[in-house]
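The values are calculated or read from the model by the stated rules, or taken from the named source; none is laboratory data. Owing to the predicted nature of the structure, the values given are computational and were not obtained by experimental measurement. Here Cβ is always computed from backbone atoms with ideal geometry, including for glycine, and neighbour counts include all displayed protein chains. Keep in mind that these areas ignore ligands, DNA and RNA; they rest on the heavy atoms of the full protein, side chains included. Shrake-Rupley method; radii C 1.70, N 1.55, O 1.52, S 1.80 Å.
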Amino acid sequence: MRLTRTSDLWWKNAVVYCLDVETYQDSSGDGTGDFAGLTQRIDHLVRLGVTCVWLMPFYPTRERDDGYDITDFYAVDPRLGTLGDFTEFVRTARDRGIRVIADLVVNHTSDHHPWFQDARSSRTSEHRDWYVWADTPPEDGPEGVVFPDVEKSVWEYDEGTEQYYLHRFYKQQPDLNVANPAVRDEIARIMGFWTQLGLSGFRVDAVPFLLETDGQDDADQLPDPHEYLADLRAFLGRRSGDAVLLGEVNLPYPETARFFGDQDSSRGDELTMCFDFIGMQRMYLSMARGEAAPLAAALRERPAAPRDAHWATFVRNHDELTLDKLDDDERAEVFAAFGPDKDMQLYDRGLRRRLPPMVEGDRRRVELAYSLLFTLPGTPVLFYGEEIGMGENLAAEGRQAVRTPMQWTADKGGGFSTADAGRLPNPVVEGAFGPRRVNAHDQAQDPDSPLSRMRTLIERYREAPELAWGDYEVLDTDDSGVLAHVSSLPEGAVLALHNFSDGPVTATTTVPGLKGGRLLTDLFTGDTVKAAAGGKVSADLAPYGYRWLRVNTPLDDPDRTTAV
Ligand code: NOJ
């Protein structure tokens, strides 16, 4: 069966857009964003070219981790609206060609979740075994505290029952025990519930932690965690054939690739997509150095995803820009280039910043990053506000710096809310990146704005099936500042060139299989570049410039089914 490039595999050329309902649009004037407000903003997403919205947690919460500490998996936080408002949004989005996925946060619950309240009420309670307990914190237990500024251990003593419970994240987020079949059933039920209400899948939070069972007494006898993930995927497939699991797995490449599941099967049977944390970090190193090599090496190292799966690429997300997979010197280079002040850094491993302020508002460098996002193989995932070049507010606490209200207009409150500043979930950005200078309304009128450029990038990406569906290859170039990669299908190929350096260059590369004399067309300007003998292509690039060059294989070419 060769029905490989159909919309059944919609995630392969999707444009995913992550947002938090709480900070997107307040429709009631109470200072908190809500589903009704988000629904009013659907046209912005449609015009941008978004095909899938990823909702950050919108469930009832104690707000100890910005919604990632859930007290009820089957409801909508009343501050954000009702289940009815949620359904109206999903329905409206679907009507406009946009699917909706949401965070599935089941590594842990809030410590105020009724399950944990019951679990800690006595050692024999019904839900005791839904969490992970130990008499003394095991010496060989899980290592690595995720939030070292606040937590010193992943075990917390529960005075009432005189045992310790495991919490990978904050102590207010006790880890669920996924080795318990009752917990597994409940997780499936949660997935079934939301898919029934129209979700097209989930962004799965903290996947390796969710599956981990080391630290538990009987870890050796517990079922294989990857089998469990495959079970979950199979369940999801039975409930909703086109639903996806987009997983947060920040591990070295070979370990991350295991989460796609069975490598021999073309489909992969675990996560549909894994975020490319390594590629993202190396991209920043390349940008800091003005050298293509770090990113080129990552792309060459990166294992191929199974045919129907995909990597997910991103420039920024809602967390700190983690640089944990760089070595100390490399991380220091990125810190020096993009976040030299201590206040910009978090946990010694990342930056609580958005890209435009990191590069002092240099549009060329910002665009370079987004051109990479849409040409590097993988599903591009945007974080709200990136389309207009929003900055961060370092006055906000920790990771909240990048979770400020969406900037719709130049008004006070950025058009996000009419409520007083003190009632907003996070402070609005101030200064050069604040709403007066950076807002969606003004940019929508201006054909040269960052928003207009982002729309164009998305349009071209959607028009170029090679980028989403093709096989890719990183090519050698004669300039260390330039990354060249080609994505090819039998019908054609796109050669992408990116100049990380601050000087103009004429870059030369050889495209395998390309015949001399063939014309390559610039997808933005329509200009052409002629290939020389042996498939040599030379193209001019501005400082931090980029080009997308399409190579078409004529229909009567006898080599049509080979490379390009
Ligand atoms: C990863 C999420 O991205 C982060 O924001 C959250 O704090 C942790 N998981 C815990 O849920």
>> Condition first: under 30 Å from residue 8 (Cα atoms) and crowded, with 20+ Cβ neighbours inside 10 Å. Now tell me which residues in segment 490-512 satisfy that.
In response: 493, 494, 495, 496
> Quick one: what pairs do we get from segment 42-62, first residue more than 17 Å from residue 16 (Cβ to Cβ) and without any contact (Cβ under 8 Å) to a residue 40 or more places away in the chain, second surrounded by fewer than 23 Cβ atoms within 10 Å (Cβ to Cβ) and polar (S, T, N, Q), C-beta under 6 Å, 6+ apart or different chains?
Replying inline: 60/71
> Pairs, please: C-beta under 7 Å, at least 6 apart or cross-chain, first residue within 16 Å of residue 302 (Cα to Cα) and in segment 463-480, second among the β-branched types (Val, Ile, Thr) and outside any strand (DSSP E or B)?
Replying inline: 475/511
> What do you reckon, is residue 93 free of Cβ contacts under 8 Å to residues at least 60 places away in the same chain and touching a strand residue (DSSP E or B) at 6+ places or on another chain (Cβ under 7 Å)?
Replying inline: yes
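Going residue by residue through segment 71-83, is there one that turns out to be farther than 22 Å from residue 190 by Cα, more than 16 Å from the ligand (Cβ to nearest atom), among the hydroxyl-bearing types (Ser, Thr, Tyr) and at pLDDT 95 or above? Steps first, please.
Going residue by residue through segment 71-83, those that are farther than 22 Å from residue 190 by Cα are none.
Taking every residue of segment 71-83 in turn, none turns out to be farther than 22 Å from residue 190 by Cα, more than 16 Å from the ligand (Cβ to nearest atom), among the hydroxyl-bearing types (Ser, Thr, Tyr) and at pLDDT 95 or above.
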> residue 343 passes all but one of (1) in a helix (DSSP H, G or I); (2) without any contact (Cβ under 8 Å) to a residue 12 or more places away in the chain; which number fails?
Replying inline: (2)
> Of (1) out of contact with any Leu (no Cβ under 9 Å at 6 or more places or on another chain); (2) away from the ligand (no atom under 16 Å from the Cβ); (3) among the aliphatic types (A, V, I, L, M), residue 145 satisfies all except one. Which?
Replying inline: (2)
> So residue 289 clears everything in (1) under 16 Å from the mean Cα position of the chain (by Cα); (2) within 17 Å of residue 501 (Cβ to Cβ) except one condition, right? Which one?
Replying inline: (1)
> Restricting to segment 164-210, what's the tally of residues that are within 15 Å of the ligand (Cβ to nearest atom) and at positive phi?
Replying inline: 1
>> Please pick out the residue among 66, 34 that is farther than 21 Å from residue 202 by Cβ and not polar (S, T, N, Q).
In response: 34
> Between residues in segment 522-541 that are over 15 Å from residue 496 (Cβ atoms) and residues that are modelled with pLDDT under 95 and surrounded by fewer than 15 Cβ atoms within 10 Å (Cβ to Cβ), which pairs lie under 6 Å by C-beta distance while being six or more apart or on different chains?
Replying inline: 528/519; 530/519; 531/516; 532/516; 533/516
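For every residue, the table says whether it meets (1) in contact with a helix residue (DSSP H, G or I) (Cβ under 6 Å, 6 or more places away or on another chain); (2) open to solvent by 10 Å² or more (accessible area, probe 1.4 Å); (3) at pLDDT 95 or above.
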{"residue": "384", "(1), (2), (3)": "no, no, yes"}
{"residue": "387", "(1), (2), (3)": "yes, no, yes"}
{"residue": "391", "(1), (2), (3)": "yes, no, yes"}
{"residue": "395", "(1), (2), (3)": "no, yes, yes"}
{"residue": "405", "(1), (2), (3)": "yes, no, yes"}
{"residue": "423", "(1), (2), (3)": "no, yes, yes"}
{"residue": "428", "(1), (2), (3)": "yes, yes, yes"}
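Return yes when residue 41 is touching a Phe, Trp or Tyr at 6+ places or on another chain (Cβ under 9 Å) and at pLDDT below 95 and no when it is not. Let's see the steps before the verdict.
Values: touching a Phe, Trp or Tyr at 6+ places or on another chain (Cβ under 9 Å): yes; at pLDDT below 95: no.
Criteria not met by residue 41.
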> Hey, among 109, 87, 92, which residue is touching a helix residue (DSSP H, G or I) at 6+ places or on another chain (Cβ under 8 Å) and surrounded by fewer than 21 Cβ atoms within 10 Å (Cβ to Cβ)?
Replying inline: 92
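Select from segment 155-207 the residues that are part of a loop (DSSP other than H, G, I, E, B) and without any contact (Cβ under 8 Å) to a residue 40 or more places away in the chain and write down the one among them that is surrounded by the most Cβ atoms within 10 Å (Cβ to Cβ). Show your work before the answer.
Here is the first cut: in segment 155-207, the ones part of a loop (DSSP other than H, G, I, E, B) are 159-162, 167-174, 177-180, 197-200, 205-206.
Among the residues that remain, those that are also without any contact (Cβ under 8 Å) to a residue 40 or more places away in the chain are: 159, 162.
Working: 159: 7, 162: 9.
Looking at residues that are part of a loop (DSSP other than H, G, I, E, B) and without any contact (Cβ under 8 Å) to a residue 40 or more places away in the chain, I get 162.
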> Is there a residue in segment 538-547 that is on the phi > 0 side of the Ramachandran plot and at pLDDT 95 or above?
Replying inline: yes
>> Quick check on residue 418: is it outside any helix (DSSP H, G or I) and farther than 23 Å from residue 365 by Cα?
In response: yes
> Here are some conditions: (1) in contact (Cβ under 8 Å) with a residue 60 or more places away in the chain; (2) over 30 Å from residue 4 (Cα atoms); (3) of a type in the set (Lys, Arg). Residue 455 meets all but one. Which one does it not meet?
Replying inline: (2)
> If residue 470 passes every condition in (1) farther than 22 Å from residue 363 by Cβ; (2) surrounded by fewer than 19 Cβ atoms within 10 Å (Cβ to Cβ) but one, which one does it miss?
Replying inline: (2)
>> If I ask for residues that are of a type in the set (A, V, I, L, M, F, W, C), modelled with pLDDT of 95 or more and part of a loop (DSSP other than H, G, I, E, B), which ones from segment 483-527 would you list?
In response: 500, 511, 523, 524
> For segment 320-330, how many residues are surrounded by 18 or more Cβ atoms within 10 Å (Cβ to Cβ) and either part of a loop (DSSP other than H, G, I, E, B) or touching a Pro at 6+ places or on another chain (Cβ under 6 Å) (or both)?
Replying inline: 4
